[in-house]
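Laboratory data are not the source of any read-out in this text; all were calculated from the coordinates shown. The structure displayed is predicted, hence computed values, not measured ones. With ideal geometry, Cβ positions are generated from the backbone for all residues, glycine too; neighbour counts draw on all protein chains shown.
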2 protein chains.
Amino acid sequence: MPILNELFQKKDLKGIRQWVTDTGTLQIAETLERIEPEQRAVTFRLLPKSRVLDVFEMLDPTIQQSILQSLRDSKVREILEQMEPDDRARLLDEMPHSIAKMLLEGLSVKERKLTSILLGYPDGSVGRIMSPEFVELKINMTSKEAMNKVQRSGRGVESIYSLPVTDLNGALVDVIDLGELVLANPEDSISTLVSQETYFVSADTKEEDASRLLLETGFMALPVVDSDKRLVGILTFDDAMEVLQESDTADILRSGASEPLGTPYFSASLFDLTKTRAIWLLALALAATLTVNVLGMFQSTLQSAIRLSLFIPLLIGIGGNIGSQSATIIIRAMALGEIRFADVFTVLLKEFRVGLLLGIVLGTLAFLFIGPLFGWDISTIVFLSMISTACLAAFAGSILPMTAKKIGIDPAVVSAPIISTLVDASGLIIYFMIAKAILGIH
Amino acid sequence: MPILNELFQKKDLKGIRQWVTDTGTLQIAETLERIEPEQRAVTFRLLPKSRVLDVFEMLDPTIQQSILQSLRDSKVREILEQMEPDDRARLLDEMPHSIAKMLLEGLSVKERKLTSILLGYPDGSVGRIMSPEFVELKINMTSKEAMNKVQRSGRGVESIYSLPVTDLNGALVDVIDLGELVLANPEDSISTLVSQETYFVSADTKEEDASRLLLETGFMALPVVDSDKRLVGILTFDDAMEVLQESDTADILRSGASEPLGTPYFSASLFDLTKTRAIWLLALALAATLTVNVLGMFQSTLQSAIRLSLFIPLLIGIGGNIGSQSATIIIRAMALGEIRFADVFTVLLKEFRVGLLLGIVLGTLAFLFIGPLFGWDISTIVFLSMISTACLAAFAGSILPMTAKKIGIDPAVVSAPIISTLVDASGLIIYFMIAKAILGIH
């Protein structure tokens, strides 16, 4: 990177050409994601012809798009034509519709058809990321015949590692792995290789659900069928893992109150970074004005015992943290398929008990520390408030994400920061109500 | 699940045996992870012999361990003997050392040797999760000879999809995919299939780094070499993905102020759930006592202008959220390899500018809303405090995780909740300093 920067400062094109020849593919791809678009275009155009596609395929779709914009039309078509249909569909998906349409028209009939098939499925469905190219075997073939078919028609197909097997009516029987076929006795029928259990997904299944299923089964690929149960594609392991990494990134960022950037950090502009964060902050700030109102309501209570104000940040901090914990644990367990909506009462009960236990532990510690320094009345108020807030926070932190999922909202949106903010206001109300009762303020 | 519960209530063993026969492998595995250990042991023992290993391999290591504890010794050995060496190493790793040693001694010499090789590498290293079994090809073989070798010695080997190629001195040349070999001309030499670039990792590389590299390269496996650069194993795609899912789970949970449970939600006891959370809460509560002290310092200021207390939760909420955003974005970008420590100044500058922009936007909104209702003096104080706190939070949120990583601490530990708590106290100091200056309080 520093070297490439120096070469650019010296405008040493020959040096840059040398650099792209000497540097590893992965490192070139990583460097391209970290430099300015103009330098990126120049560097990319200096790549040796044999490495263009390798480097291109390693890039993030947003970076791919920025490079295509800098290339001449004929070059763009050449690259698109050589990409795998599902990678190409993902790239076209991120482009403005009119440009995507124009590019699609420039492709050969076969490649265009494969991409159109993928683009016909709803956004976020497994239909968008499956491989529409596969080698289909018939159940009555011998292993030798099947192997011949793979060798004859496997070239140029994205994955020959997972081979769907259909019966004589074309209905899906199972998917066998290339490895099993290679190791099978050549004279044996394919029927000896199929298992009793077949896993498959429908093309409109959510890509995340299908990917999670693939990971759980431990297979290399899942067959994808249409509404008439006809085989339309296969979901390969590598595409599934990209989906899961992206969805985990989205969950992680939402839990930190950001929207996913959709592009590597350095290629995101200051404006993009600010925008994805400002939306959340505004929502949270709006929710936080509740606390201003709550404190306003109890201003006279506060005036008569200013000591109460000292523990406001401590109390809402602990409430917020317990709520965050519940929300994060529940959201992750739901994403991994460990918890479903049917478990809602079991989960609520468990979280409530965890909240109660945590409240008692922390409340007791607070009681013992605060008492001698600030008085036992304040200490008792904090003790009781902490237990109530902890239970409330654990309850809110588990029910909100589960309800969100049930009504079709991404549970990560109702994550830690939202829950802390909501718990803040209700925690304050509890605190002042208890304070008024104990201190005898009216 | 409800059905299995009913069968257990009726003590209908015959019905349970029928259930495990009729139900899919994946669903059995999922159900076993959600029921009580006693019921789990009974259900597992009723599995038809042919399905025992399939079901067992789909389970989480902690659940596998609980099942093994309920089985007779001979049955335990049988299951262990059939597992893949890397899966077995992971299972033994989670067991008390003395039991693991005993079980290891019960294995056949070959299987014990393979597992010992894996267990000899440091915890968390790629050596622990690699496959020590692979089919090695020589550079001077023809494709046909190579294919014969795969068919001859590939049975029982975990993965024959990635085939390391060595030269005549035994040094690693490249790894070729089974698919390439299947599609190659039988008379061609293997040397025509190897690429110019070879990626490999050392056995003591961190498993997460190696897995991330494998995902980035898009290959099916990475060769693993020892300190003398001899080939000792291969890291397969599916094992790498399990590592990344686990590390993402840890990041997600830490960002919500929990330690990873290391076991599925329902099988975690109330005590475990509380313990993993209490540690964080105590640390955070300790940090939050800072706010009590800060507020104590400014108690007289607060007494003379009680209106100041209304905006404390709002102000520290926004500071905390901006800090969380920076921390989460930076931690994720580091995990994905988009940011390295060398970028620290670029990142700090960018985050500082984002913080400033966010502070100005939110501060201006707050200024306009608070002014008419609570007075323009308070409104100005909030405006200035919000800008300073936003900059401070963005700065802390980016420098702390990067420094943690640099000194070898998991950056996710210095994540959102820690940063919010630290920003709380400093935000309050800024707020009261500005308030004292503007309101003229001494």
Given Cβ charges of +1 for Lys and Arg and -1 for Asp and Glu, the option among B:68, B:83, B:46 whose Cα lies farthest towards the positive end of the dipole of region B:2-124 is B:46
Compute the relative contact order of chain A as a whole-number percentage, counting only Cα pairs closer than 8 Å that sit 6 or more residues apart in sequence.
11 percent
Roughly how many debye, to the nearest 20, is the charge dipole of the protein assembly as shown about its Cα centre, given +1 on each Lys and Arg Cβ, -1 on each Asp and Glu Cβ, and no other charges?
2240 debye
List, in order, the whole-Hz ³J(HN,Hα) value for each residue of region B:69-75 obtained from phi through the Karplus relation with A = 6.51, B = -1.76, C = 1.60 and θ = phi - 60°; use x for Gly and Pro.
4, 8, 9, 6, 3, 5, 5
Cα centroid distance between region B:1-46 and region A:208-237, in Å?
26 Å
For a quick check: with amide H placed at 1.01 Å from N, whose amide H comes under 5 Å from residue A:137's, ignoring anything fewer than 5 positions away on the same chain?
A:165, A:166
Would you list B:84, A:36 from fewest to most Cβ contacts within 10 Å?
A:36, B:84
Cross-link candidates for residue B:113: which lysines have Cα within less than 17 Å, leaving aside residues fewer than 8 places away along the same chain?
B:101
Arrange the following residues from fewest to most other Cβ atoms within 10 Å of their Cβ: B:227, A:258, B:125, A:70.
B:227, A:70, B:125, A:258
Using only alpha carbon pairs under 8 Å that are at least six residues apart, calculate the relative contact order of region A:331-417 and give it in whole percent.
34 percent
Other residues with Cβ under 9 Å from the Cβ of residue B:334 give, with Lys and Arg +1 and Asp and Glu -1, a net charge of +2
Could you name the aspartates and glutamates whose alpha carbon sits less than 15 Å from that of residue A:405, not counting residues in the same chain fewer than 8 places away?
A:208, A:209, A:251, A:338, A:343
Please work out whether region A:269-439 counts as rounded, prolate or oblate from its C-alpha gyration tensor, where a ≥ b ≥ c are the square roots of the eigenvalues and a/c under 1.5 means rounded, while otherwise a/b larger than b/c means prolate and anything else oblate?
oblate
Determine, for A:174, A:73, the number of other Cβ atoms within 10 Å of each Cβ, and report the residues in order from fewest to most.
A:73, A:174
What residues qualify as long-range amide H neighbours of residue B:158, i.e. H under 5 Å apart, gap of 5 or more or another chain, H built at 1.01 Å from N?
B:133
Between the alpha carbon centres of region A:340-375 and region A:129-200 the gap in Å comes to 56 Å
For region A:61-182, what is the charge dipole size about the Cα centre, in debye to the nearest 20, if Lys and Arg each add +1 at the Cβ and Asp and Glu each add -1 at the Cβ?
420 debye
Mean separation of Cα contacts under 8 Å (at least 6 apart) over the residue count of region A:270-387, i.e. the relative contact order in percent, is 23 percent
Pairwise centroid distance, computed over Cα atoms, of region A:383-442 with region B:75-95, Å
45 Å
For region B:303-314, 3J(HN,Hα) per residue [Karplus equation, 6.51 cos²θ - 1.76 cosθ + 1.60, θ = phi - 60°, Hz, x = Gly/Pro]:
4, 7, 8, 4, 4, 4, 5, 4, 9, 4, x, 4
Longest chain B segment clear of trypsin sites (Lys or Arg not before Pro) sitting in DSSP loops (not H, G, I, E or B) with at most 14 other Cβ atoms within 10 Å runs B:231-442
